[in-house]
Every structure is written in structure tokens, then in C-alpha cells.
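Notes follow the structure.
Please treat every number below as a calculation from the coordinates, not as lab data. What you see is a predicted model; the values in this text were computed from it and never measured. Cβ coordinates were reconstructed from backbone atoms using ideal geometry, including for glycine residues, and neighbour counts include every protein chain displayed.
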Amino acid sequence: MADMTLTDVERLVAFEQADRTFQMDEEAFRAFYELTARPLWTYLARTTGDGRLADDLLQESYYRLLRVRTAFESEEHRRHYLFRIATNLVRDHHRRPRVERVEGEGDYPAADARTAERATARIDLARAMEQLKPRERSLLWLAYAQGWSHEEIAASLGLKTASLKCLLHRARRRLLGVLGNPRGEGRS
Amino acid sequence: MKTPDCAREREVVRAVMSRGSDGLSDELRSHADSCDVCRDVVSLVTALRSARDETLGELRLPAAGQIWWRSALRAHAEATETARRPMVWLQGIAAASGAGVIAAILTLAWPSIYDVFVAVAALPATFAPEVSPLMEALRPVLPLALAVVACLVLTPIVVYLALSDE
């Protein structure tokens, strides 16, 4: 202990206090993280179009979840709350003044394209998603990439289930319209 | 205008997600081909699921322990900053109160202090008459000069006390 710097001592204090500060202990967090991290990261990456930003928002989402004092009824409820935090962070990010970024910089890692067709399709989808509003991206991703029910999506995005059908329909038509016409002309 | 809807949309989504668009039963495929909603859904689920699987395959997530560790440090830093804030306010209030008390004392005792200044200023005239004109010229600004000297002496002490850890 005598060899430790003050920073090391502060770290030990921080870890010791974490279980009391956070709404779950480390073991429970690890289990929850294993279940939710991958879907959450892909959701953030696809709705922001930026892999590095997704890394930052992933950390921020879990931090805010750990600090919240809400009593969750179930793990499903906790998961929905996590995605709600993430959605709000994405929305806040889009509201900030945008800095023009170099195309390709920070994009989620490009796969070695096994075929040119797959690479092209992926780029087309990514570009099409960029033309949608953030909420539209969220709706489509949760519904058709992660297979969530309307009730789950409504709980995560803070929407009414009754209005979700209409919103999803519009988002669906919009994405298909953009995919069919990459320059953004035509149907919405 | 009523939103187009299909009661089998969810069934189609689940089927495509689990078996792919090629794995649909003949009956379900026939339905999807004839239903505008489900036809769109099959296309989108296929595309988005493929994108998701590719992204997941390339994904390198930080470990749970790393997320936990960073969160713990950040929570501790924020708690420390929150605890320190009232002390900063109290120190500011104490300094302002002290300055006010000193100013009040100086104001009340100023006549006596000024007499002392005059007596001190007269000393050179007693022991060195040649500087008497100089002292007469400096007399009006003597209080200001003494205040500046006091600030120059006290400021380093105050700054040291403010920036020291204790």
C-alpha cells in the first residue's frame, strides 16, 4: 500500500464504492452486458453511421443506466430502458451542430467484401439509412434487424403502440423508396 | 387514409429472421408475394438482418469489466467534484466576508491610522530636513501607496493558501 500513488488509492475507492453507487453489482452487470452489448452496438452503429461514435455512445449508455435509480420490473424492462437511453443519445447527437466528416472515417469496420455485390449492397443500405430520420432508422432497425415487437419498440423509443404501426409503415416505404432510387427522388 | 396493415407481419418477420427468405413455407411465401406489407417486410428483414450479421461478425466490443471500470472511475470523479463544490462556495464567502470586515475596521479606525501616517511622514523632516518637500508631495497618495504595498505582500500569501492542498 505504501507504494501506491494517490491515483491508485482513488481507483480502489472508486471500485469499492461502485457496487453502492450503481443500481446493479458487477456480476449482474457483466451478465446483462453479455446479453445486450452486441445488439446495442449494432443499433448505435447503424443509426449513427459511425462506428467510433457507437463506441462512445455504448459506454455512455451503460454509464447512464448504471446511475439510474429506477426499479426495473424485469430484465426486459431494463433492456428497453437501455435502448431508450441509447436512442436519446443518438437523437441528442443529431441535434448538435454537425462537423463534416471525411467519408469512410469512423464508419463501422468495412468487411473484406466476399463479393463486390455484397459490398455494394451494404454501402447502398448504409447510404439509404443515412437519408432517413434518426427515429425512422431506429424503428426499422429494432423491428426488422432485431425482430422486436411493436410493444417493445414503443417502450424503448417512448412512443405509443397505437401510433407505431403508422410510423413504421412510413419508415418502411421511405427506406424502400430510397433503396429503389439512391438519389432520393420519388416516393416517400 | 388507413395505414396498410397485415396480421401476419410478425409471423413473416420471425420466419425470415430464423430461416431466411428462402426458408419460408410455401403457404407463407404465397401470402408474402400477394401482400404489399409482407412483401416489403421480407425485403427489409433480409437486407437489415444481413447488415446486422456482417456488423456483428466484425465487431470487437470492449470487455464488460472495462465498461464497469470506466463507469466506476467516472462516478467517483463526479461525486468528488460535487462534494467539493460547497467548499469552494464557502471559501469564497469567507474571503469576501473577511475583506468586508477588514474594510469596515479600516473605515472606523481611519482617523487614528491617518494620524499615525502623518507622524511617520513627519519623521524624515525631523532627522533629514532635506527630504521634507518630498514627503509633503507624497502625503496625499501615502494611504494609496501603503494599500498597494499591503496587497503586494498579502497576495502571494492568499494565492498560496488558496492553491495548497490543505
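Quick one: 3J(HN,Hα) in Hz for segment A:78-89, Karplus 6.51/-1.76/1.60 with θ = phi - 60°, rounded, Gly and Pro as x.
In residue order, the calculated couplings are 5, 5, 4, 5, 4, 5, 5, 4, 4, 4, 5, 5 Hz.
Estimate the FRET efficiency between A:Asp25 and A:Lys160 by the formula 1/(1 + (r/R0)^6), using the beta-carbon distance for r and 56 Å for R0, to the nearest 0.05.
0.95
Note the full-extension length gain between B:Ala96 and B:Val120 as 0.36 nm times their separation in residues minus their Cα-Cα distance, in nm to one decimal.
This chain segment gains 5.5 nm when fully extended.
Within a 10 angstrom radius of each residue's Cβ in B:72-84, how many Cβ atoms of other chains show up on average? Whole number is fine.
Mean shielding by partner chains, rounded to a whole number: 4.
If R₀ is 41 angstrom, what is the calculated FRET efficiency for the pair B:Asp5 and B:Arg85, using the beta carbon separation as r and rounding to 0.05?
0.15
Could you give each residue of segment A:147-160 its phi-based ³J(HN,Hα) in whole Hz, using Karplus coefficients 6.51, -1.76, 1.60 with θ = phi - 60°, and x for Gly or Pro?
x, 6, 6, 4, 5, 5, 5, 4, 5, 6, 9, x, 10, 7
What are the ³J(HN,Hα) couplings of segment A:44-57, residue after residue, when phi is run through the Karplus curve with 6.51, -1.76, 1.60 and θ = phi - 60°? Round to Hz, x for glycine and proline.
3J(HN,Hα) across segment A:44-57, in whole Hz: 5, 5, 7, 7, 9, x, 9, x, 5, 5, 4, 4, 5, 5.
Net charge near A:Trp148, counting Lys/Arg +1 and Asp/Glu -1 over other residues with Cβ under 12 Å of its Cβ?
Summing Lys and Arg as +1 and Asp and Glu as -1 gives 0.
Using Cα positions and a limit of under 22 Å, work out the lysines in reach of A:Lys133, with same-chain residues fewer than 8 apart set aside.
Correct list for A:Lys133: A:Lys160, A:Lys165.
Compute the normalised compactness of chain B: alpha-carbon radius of gyration over 2.2 N^0.38 Å, N being the residue count.
Normalised by 2.2 N^0.38 Å, the Cα Rg of chain B equals 2.71.
Taking the Cα atoms only, what angle lies between the long axis of helix B:9-19 and the longest principal axis of chain B, rounded to 10 degrees?
90
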